[in-house]
């Protein structure tokens, strides 16, 4: 049962990519201690917790390791930036195949309720209850390229510049690596003159909705893809509500969801 469960949650090709970014196991100078569990079962257990929304203590025994071990290894990998590196690695593979659409990008955010921790704030869309916000930039097919988190009361306009700067240089089928989109679509939350000037100064055309002019009932022909990606992210049950005290742990789950979305495109 263990092998089947591990294979279902962390496919062989995903594990092959994961091996390229997983840090080596630490060596005990004094020797002794318990035998370290293999890394093969760890990503499967972490992905199960992310997608099912269960707690670490509710991890089924079929994975061959305890919830405490899975949490400890998840913390090590989060500090090493494993999931962000894996996401970038998959984006490289997609870019080399020509699967990324560079001419158009879309930006948006989604708020989730948070019970505790840093980077939380009163959510204006949830009666002022504490929450966090997930920001993301996607390509024309809805593949997440850049993600970030903040307190729920941070205005969307303040996240645009860090998100665009956070788009990694990705391999392309021909020519050098690319990171700048040809055009960026956004809703009225990004309707600021200084943001338009900043995008124009970097050669990025913008299509940001104007307040008081364009109707909010229509998502637009190009902005709807980011709304679809938000629904894909909610397929990761751990993102429905933030339980993590440390923001880097919540960001790791967000990166896992983005990685799984991109990996599905890679295996089509």
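The values are calculated or read from the model by the stated rules, or taken from the named source; none is laboratory data. This structure is a prediction, so every number in the text was calculated from the model and none was measured. Here Cβ is always computed from backbone atoms with ideal geometry, including for glycine, and neighbour counts include all displayed protein chains.
Annotations
- No other residue among 180, 223, 174 is out of contact with any strand residue (DSSP E or B) (no Cβ under 6 Å at 6 or more places or on another chain), surrounded by 14 or more Cβ atoms within 10 Å (Cβ to Cβ) and at pLDDT below 90 apart from 180.
- Per this entry, residue 145 is not counted among residues that are part of a helix (DSSP H, G or I) and either closer than 23 Å to residue 248 by Cβ or outside the structural domain of residue 225 (by TED's automatic domain parsing) (or both).
- Residue match in segment 200-207 (condition: out of contact with any helix residue (DSSP H, G or I) (no Cβ under 6 Å at 6 or more places or on another chain), closer than 17 Å to residue 251 by Cβ and not in a strand (DSSP E or B)): no
- Residue match in segment 89-98 (condition: assigned by TED's automatic domain parsing to the domain that holds residue 170 and buried (at least 22 other Cβ atoms within 10 Å of the Cβ)): no
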